[in-house]
Amino acid sequence: LEELHEQLAAVMADVRAATEDFPAMQQRALTLASSLHTVPEGYDPVEAGEVVGLLGWLIDHHFTFLGYRRYHYAGAETAGLLEATAGSGLGLLRADSTRVFEGSDDSQDLPPAVECLVLQPTLLRVTKADRVSTVHRPVAFDTVFVKALSAEGQPVGVHLFVGLFTSVAYRRMVQDVPLLRHKVAQAFERAQVIRHSHDGRRLAHILATFPRDDLFQIDDDDLLRISLGILDRQERQRLT
């Protein structure tokens, strides 16, 4: 009974923290989107526009914001770590000691794949955490990382938003979702198929029905390779 009481108290504390800080987390996303309207030098303006659009899309009832934290880059130009900025957390990440990725090395909070975001010429990455949410529904957190830039456009860290995509987000057509629509358009262009041909219609269906979580996380090369692989398999005749 004591253990059950402690768990219930912890869950209620998480719900309270997420609810109280929800407006502040949305405001962080809105402020960040406004700062990216001016495209930093060296970054793709199309991608920057999609990132701005996605942040606005998340705020528009497509993402349940549960936590936020700022990370600053501590290292040289080619190596280093992202360290949590003390006192920057909101919602479930109010406490500096709260970890998002349980599988990370004890010396750092984020996995190496996320650490590399600072050094790559991209502005955003969507991943799944390995922690299960205690608020809303018991599934792995969705995490949205947006690169933090200095006034001179140099990478200085990342902003992390933790939460869950809403049911509405999964029902939206791919063409209506910023970032995903760009990925799909890029895949079509690189596949070199005629849109209204037999292969074009099949590829459109494959991309439209691609698992939504995977589509957010996959890179352009893997999306093209897997989509064309599915298309090739569908073309093969099979005995039943």
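The values are calculated or read from the model by the stated rules, or taken from the named source; none is laboratory data. Remember, predicted model here, so these are calculated numbers, not experimental data. Positions of Cβ are backbone-derived with ideal geometry, glycine not excepted, and every protein chain shown enters the neighbour counts. These accessible areas exclude ligands, DNA and RNA; they are computed on the full protein's heavy atoms, side chains included. Shrake-Rupley method; radii C 1.70, N 1.55, O 1.52, S 1.80 Å.
Numbers for the structure displayed
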quantity	calculated
Any hit, the range 209-220, residues being surrounded by 12 or more Cβ atoms within 10 Å (Cβ to Cβ), more than 15 Å from the chain's Cα centre (by Cα) and not in a helix (DSSP H, G or I)	yes
Residue list for the range 130-158, filter: open to solvent by 10 Å² or more (accessible area, probe 1.4 Å), closer than 22 Å to residue 218 by Cβ and either out of contact with any Asp or Glu (no Cβ under 8 Å at 6 or more places or on another chain) or acidic (Asp, Glu) (or both)	130, 139
Output for the range 193-208, where each listed residue is surrounded by 12 or more Cβ atoms within 10 Å (Cβ to Cβ) and in a helix (DSSP H, G or I)	199, 200, 201, 202, 203, 204, 205, 206, 207, 208
Top-ranked residue in the range 159-192 [being basic (Lys, Arg) and under 27 Å from residue 64 (Cα atoms); ranked as most open to solvent (accessible area, probe 1.4 Å)]	171
Of all residues making up the range 109-141, the number that are within 12 Å of the chain's Cα centre (by Cα) and outside any helix (DSSP H, G or I)	8
Conditions (1) part of a loop (DSSP other than H, G, I, E, B); (2) among the aliphatic types (A, V, I, L, M); (3) within 19 Å of residue 211 (Cβ to Cβ); number of the one not met by residue 164	(1)
Per-region count, the range 21-42, residues open to solvent by 90 Å² or more (accessible area, probe 1.4 Å) and in contact (Cβ under 8 Å) with a residue 40 or more places away in the chain	2
Count of residues meeting criterion [on the phi < 0 side of the Ramachandran plot and not in a helix (DSSP H, G or I)] in the range 27-64	12
